[in-house]
Amino acid sequence: MPRRCPLSIILASASPRRKQLLAQAGYKFKVVVPDIDESAFPAERGKSVEYTKQLALAKARSIAAKFPDHLVIGADTVVDFKGQIIGKPADAKDAERITRRLFSSPHKVITAVAIVRLSDGIEIVESDTTTVYPRKMTERQITEHIRGGSWKDKAGAYAIQETGDRFVERIKGSLTNVMGFPMELVLRMLGKVMR
């Protein structure tokens, strides 16, 4: 049953998974996809958290500028492999290269969430980090994964909700964070601004 919410919420994301998770939590909202040039934000080694926070905030601000009375939620997810930011693969060859690296040792999934409402000056941004301990993939599994195409538009070239236990031994932290939207953090942040 949807929460009774006097606030108008906008999810500034094209991600179907974020939309699904927020809806499952009982919130009513609309989706407006931000048009942000992510190449304008340099991905510096060792600064994954700062990078995701900048992008999440830029996404939320870009939509908040058009809807100043709405509570806008923006998010950004990256994979951090030994301090290097791994984003979405450019193509199948890039996805294979990323997959071989990430599934050789543990890596971190970092999601930043920004909430902005211009009409009353609300602007908060926080992040969550989950460590993923992967299973060693066989050559056949790598080939099938790339051929299957589930890596498209996914940070780190995989989606845990689609690959699940086949590729992941265990995680330390939030599962929904690995999906791209840490609901424990999102709910806590919404609780602050909806009081």
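Just to be sure, is GLY26 touching a strand residue (DSSP E or B) at 6+ places or on another chain (Cβ under 9 Å) and small (Gly, Ala, Ser)?
no
Would you say LEU7 is of a type in the set (A, V, I, L, M, F, W, C), surrounded by fewer than 22 Cβ atoms within 10 Å (Cβ to Cβ), on the phi < 0 side of the Ramachandran plot and at pLDDT below 95?
In short, yes.
Here's a check for you: in segment 100-122, which residue that is of a type in the set (A, V, I, L, M) and either in a helix (DSSP H, G or I) or within 11 Å of the chain's Cα centre (by Cα) (or both) is surrounded by the fewest Cβ atoms within 10 Å (Cβ to Cβ)?
LEU118
Report the residue count in segment 16-51 for those that are in contact (Cβ under 8 Å) with a residue 12 or more places away in the chain and either assigned to a helix (DSSP H, G or I) or among the hydrophobic types (A, V, I, L, M, F, W, C) (or both).
17
Can you pull out every residue in segment 47-61 that is in contact with an Asp or Glu (Cβ under 6 Å, 6 or more places away or on another chain) and either surrounded by fewer than 19 Cβ atoms within 10 Å (Cβ to Cβ) or closer than 17 Å to PRO34 by Cα (or both)?
THR52, LEU55, ALA56 - these are the residues of segment 47-61 that are in contact with an Asp or Glu (Cβ under 6 Å, 6 or more places away or on another chain) and either surrounded by fewer than 19 Cβ atoms within 10 Å (Cβ to Cβ) or closer than 17 Å to PRO34 by Cα (or both).
Identify, please: which residue in segment 67-86 is within 18 Å of LYS28 (Cβ to Cβ) and β-branched (Val, Ile, Thr) and is, among those, surrounded by the most Cβ atoms within 10 Å (Cβ to Cβ)?
Result: VAL72.
Take segment 70-89 and flag every residue that is among the small types (Gly, Ala, Ser), under 14 Å from PHE41 (Cβ atoms) and either under 10 Å from the mean Cα position of the chain (by Cα) or part of a strand (DSSP E or B) (or both).
If the condition is that a residue be among the small types (Gly, Ala, Ser), under 14 Å from PHE41 (Cβ atoms) and either under 10 Å from the mean Cα position of the chain (by Cα) or part of a strand (DSSP E or B) (or both), then GLY74 is the only one that fits.
Quick one: in segment 12-35, which of the residues that are under 14 Å from THR77 (Cβ atoms) and aliphatic (A, V, I, L, M) is modelled with the lowest pLDDT?
Here the residue is ALA14.
(1) surrounded by 22 or more Cβ atoms within 10 Å (Cβ to Cβ); (2) part of a helix (DSSP H, G or I); (3) modelled with pLDDT of 85 or more: which one isn't true of LYS192, the others all being true?
Result: LYS192 fails condition (1) only.
The values are calculated or read from the model by the stated rules, or taken from the named source; none is laboratory data. Keep in mind that what you see is a predicted model, and the values were worked out from it rather than measured. So basically every Cβ, Gly included, is an ideal-geometry build from the backbone, and we count neighbours across all protein chains shown.
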